[in-house]
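Accompanying notes for the structure given below.
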Amino acid sequence: MRNLALMLRYDGTNYHGWQSQKNGTTVQEVVSGAILRLTGERPLPELHGVGRTDAGVHAVNYVANFFTASTIPADRFPYAIRPYLPSDIAVTGAADAIPSFHARYSCLEKTYRYRIYTGRVPDPFLKNRAYFTPFRPDAALMKEGAACLLGTHDFAAFRASNFTAKGSVRTITRLDVDEEEPGRISITVSADGFLYNMVRIIAGTLYYTGIGKLSPSDVKRILEGKSRPEAGITLPPCGLYLLSARYPAGSFPGGDEAFDPKV
């Protein structure tokens, strides 16, 4: 059996996130079904994803893996599976991984990006692609606040209040605020792991900092206070993209640049 890793790209608007569930169509079940129709292997292949993206969240480079007896060459797999996938999901790359590789548990670091845009009225072409606000945030203030969150901290204030998993210490290695053009801001964050809604709450807190509802020094105070109600709003999922995932060297013996995206 081969351990085949896939690089996926998808628009999450029409899906209830990645993880299969009973109350809605998910990316995982759609891709698993496509693999089943392509390979004919039964039972349905167990497809492991790098993380559980929420309903409406998008992915630019999402990694998943599964074991298969299929002999389809890895470099041909994206083309072979294409007819079985809807237009809002694509397999952009594939590679044979080492037997112990697991898309989630082998991951060293993930990177997300949140997009915000401003204007007099919403742009129909950015619907479900970015968060619209009529208030133009000050990117410099947002950057000042973001600097407080770099490093290893207890991010209890930046997780959903109903999140019950143990432990909220994470290490953020990158947190950039960029004004790509006037009125369009992106927040890019890399970490060794993320709490539920962590990126969307960080984005909401920095957004509040940018529009003056919070000060950069408040961000540090909120972090140290570990109280979720003190932080900013949880911005909606439409502006969030899983950008990339990083894995140990040697995970893909054949080598595949698709699994080392430059973001």
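Structure notes:
- Residues in the range 247-257 that are in contact (Cβ under 8 Å) with a residue 60 or more places away in the chain, surrounded by fewer than 20 Cβ atoms within 10 Å (Cβ to Cβ) and not acidic (Asp, Glu): Pro248, Gly250, Pro253, Gly254, Gly255.
- Scanning the range 91-123 for residues that are surrounded by fewer than 16 Cβ atoms within 10 Å (Cβ to Cβ), of a type in the set (A, V, I, L, M, F, W, C) and under 20 Å from Thr53 (Cβ atoms) yields a count of 1.
- The single condition from (1) modelled with pLDDT under 95; (2) hydroxyl-bearing (Ser, Thr, Tyr); (3) within 22 Å of Gly51 (Cβ to Cβ) that Thr188 fails is (1).
- Members of the range 103-125 that are of a type outside the set (Val, Ile, Thr) and more than 17 Å from the chain's Cα centre (by Cα): Tyr117, Gly119, Arg120, Pro122, Asp123, Pro124, Phe125
- On the stretch given as the range 25-51, residues that are farther than 28 Å from Pro253 by Cα and touching a Gly at 6+ places or on another chain (Cβ under 8 Å) total 1.
- Selection status of Arg136, surrounded by fewer than 16 Cβ atoms within 10 Å (Cβ to Cβ), among the basic types (Lys, Arg), assigned by TED's automatic domain parsing to the domain that holds Arg113 and in contact with a strand residue (DSSP E or B) (Cβ under 7 Å, 6 or more places away or on another chain): no
- Looking only at residues of the range 203-215 that are surrounded by 18 or more Cβ atoms within 10 Å (Cβ to Cβ) and in contact (Cβ under 8 Å) with a residue 60 or more places away in the chain, we find that the one that is nearest to Pro122 (Cα to Cα) is Tyr207.
- One residue stands out in the range 2-28 among those that are in a loop (DSSP other than H, G, I, E, B) and touching a His at 6+ places or on another chain (Cβ under 6 Å): the one that is farthest from Asn65 (Cα to Cα), namely Gly24.
- Strands (runs of 3 or more DSSP E) contained entirely in the range 167-263, each with at least 1 residues that are in contact with a His (Cβ under 9 Å, 6 or more places away or on another chain) and of a type in the set (Phe, Trp, Tyr): 240-246
- Hey, Asp75 in contact with a helix residue (DSSP H, G or I) (Cβ under 7 Å, 6 or more places away or on another chain) and among the acidic types (Asp, Glu) or not: no
- Sub-6 Å Cβ pairs linking a first residue in the range 22-41 that is under 16 Å from Asp88 (Cα atoms) to a second residue that is hydroxyl-bearing (Ser, Thr, Tyr) and surrounded by fewer than 18 Cβ atoms within 10 Å (Cβ to Cβ), at least 6 apart or interchain, are Thr26/Ser20; Gln28/Ser20; Glu29/Ser20; Ala34/Tyr84, ordered by first then second residue.
- Residue within the range 64-77 that is among the aliphatic types (A, V, I, L, M) and either touching a residue at least 60 places away in the same chain (Cβ under 8 Å) or in the same structural domain as Arg200 (by TED's automatic domain parsing) (or both) present: yes
- Residues (touching an Asp or Glu at 6+ places or on another chain (Cβ under 7 Å), β-branched (Val, Ile, Thr) and surrounded by 20 or more Cβ atoms within 10 Å (Cβ to Cβ)) located in the range 157-186: Ile185
The values are calculated or read from the model by the stated rules, or taken from the named source; none is laboratory data. Nothing here was measured: the structure is a model prediction, and the numbers come from that model. So basically every Cβ, Gly included, is an ideal-geometry build from the backbone, and we count neighbours across all protein chains shown.
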